[in-house]
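Some notes on the structure that comes next.
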Amino acid sequence: NAGVMQNPRHLVRRRGQEARLRCSPMKGHSHVYWYRQLPEEGLKFMVYLQKENIIDESGMPKERFSAEFPKEGPSILRIQQVVRGDSAAYFCASSFQTGEAFFGQGTRLTVV
Amino acid sequence: QQPVQSPQAVILREGEDAVINCSSSKALYSVHWYRQKHGEAPVFLMILLKGGEQKGHEKISASFNEKKQQSSLYLTASQLSYSGTYFCGLKEGAQKLVFGQGTRLTINP
């Protein structure tokens, strides 16, 4: 039973390019969270999704960032026109509606 | 609302005990505890639901005080492997899971 899978593990983008981060939840999980983490800092909530529905996106920047969780396929966190300040580790976690959430290994985004 | 963790950092010798607190300004529904080692993903430790419950996981246990709106994580006879940053997360029913700022635990031999 595979855990939460994120890819790519490492992503390098030049300023102005787009970054797409993928998250496949654990089997049977219908909810996904995305978090951003800077070195030596905490897990900052970004967005909470259910299949085909955004439940809470209060932590998402208003511009350049978007997230989706389609009926089929992984959840995608998309960052358009990346800037150096977007460099961070992005973690997703999946769960049932309530109950424990399990994290993926994260995507380390570096903007050069 | 973001939970507040205390202390921010703890340094122990192997075999000593530690308590990490997690406080909320709102009524607690469920508290989730995680440990993260440097460069790795957070690992789930335990979840507590409202009702004053206490849970255990090896020598790590936690309590949930609904009245005080606080949860505490207890690490007894700490081992080197317990080192890492501990995060508590709060979730209200079907709402988002929000984490505290973390408590860095260092265990020295």
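What the table shows:
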{"item": "Kirkwood-Stokes translational diffusion coefficient of chain A, alpha-carbon pairs, 10 °C, 1.306 mPa s, µm²/s", "result": "114"}
{"item": "Leading residue at positive end of dipole, the protein assembly as shown (Cβ point charges), from B:His38, A:Val83, B:Ala27", "result": "A:Val83"}
{"item": "Lys, Arg +1 and Asp, Glu -1 on Cβ, resulting dipole of the protein assembly as shown about Cα centre, debye, nearest 20", "result": "540"}
{"item": "Debye, to nearest 20: dipole size of chain A, +1 on Lys, Arg Cβ, -1 on Asp, Glu Cβ", "result": "480"}
{"item": "10 Å-binned pair-distance histogram of the protein assembly as shown (Cα, whole percent)", "result": "8, 33, 35, 19, 5, 0"}
{"item": "Length-normalised contact order for the range A:1-103 - Cα pairs under 8 Å, 6+ apart - percent", "result": "34"}
{"item": "Projected label distance in nm at A:Lys27 and B:Glu66, using a 7 Å step from Cα toward the beta-carbon", "result": "3.6"}
{"item": "Contact order normalised by residue count of chain B, Cα under 8 Å, 6+ apart, percent", "result": "37"}
{"item": "Length-normalised contact order for the range A:1-48 - Cα pairs under 8 Å, 6+ apart - percent", "result": "31"}
{"item": "Stretch gain in nm, segment B:Glu14-B:Ser81, where the contour uses 0.36 nm per residue and the Cα spacing is subtracted", "result": "23.2 nm"}
{"item": "Ranking of A:Leu11, B:Leu73 by count of other Cβ atoms within 10 Å, fewest first", "result": "A:Leu11, B:Leu73"}
{"item": "Between the range A:1-66 and the range B:14-45, the Cα center-to-center distance that results, in Å", "result": "21"}
{"item": "Separation of the A:Gln97 and B:Tyr74 label points, Cα + 7 Å toward Cβ, nm", "result": "3.4"}
{"item": "Size of charge dipole - chain B - debye, nearest 20, with Cβ of Lys, Arg +1 and Asp, Glu -1, no other charges", "result": "280"}
{"item": "20 Å Cα-Cα threshold exceeded, pairs from A:Lys27/A:Lys71; B:Lys37/B:Lys91; A:Lys71/B:Lys91", "result": "B:Lys37/B:Lys91; A:Lys71/B:Lys91"}
{"item": "Förster radius 45 Å - calculated FRET efficiency between A:Ala2 and B:Ser6 (Cβ-Cβ, nearest 0.05)", "result": "0.80"}
{"item": "Cβ neighbours within 10 Å from other chains - mean over A:62-74", "result": "0"}
{"item": "Gain in span if fully extended, A:Arg14 to A:Lys71, counting 0.36 nm per residue against the direct Cα distance", "result": "17.4 nm"}
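Read-outs throughout are calculated quantities, based only on the coordinates presented, and are distinct from any laboratory measurement. No experiment lies behind these values; they were computed from the predicted model shown. All Cβ positions, even for glycine, are placed from backbone atoms using ideal geometry, and neighbour counts span all protein chains on display.
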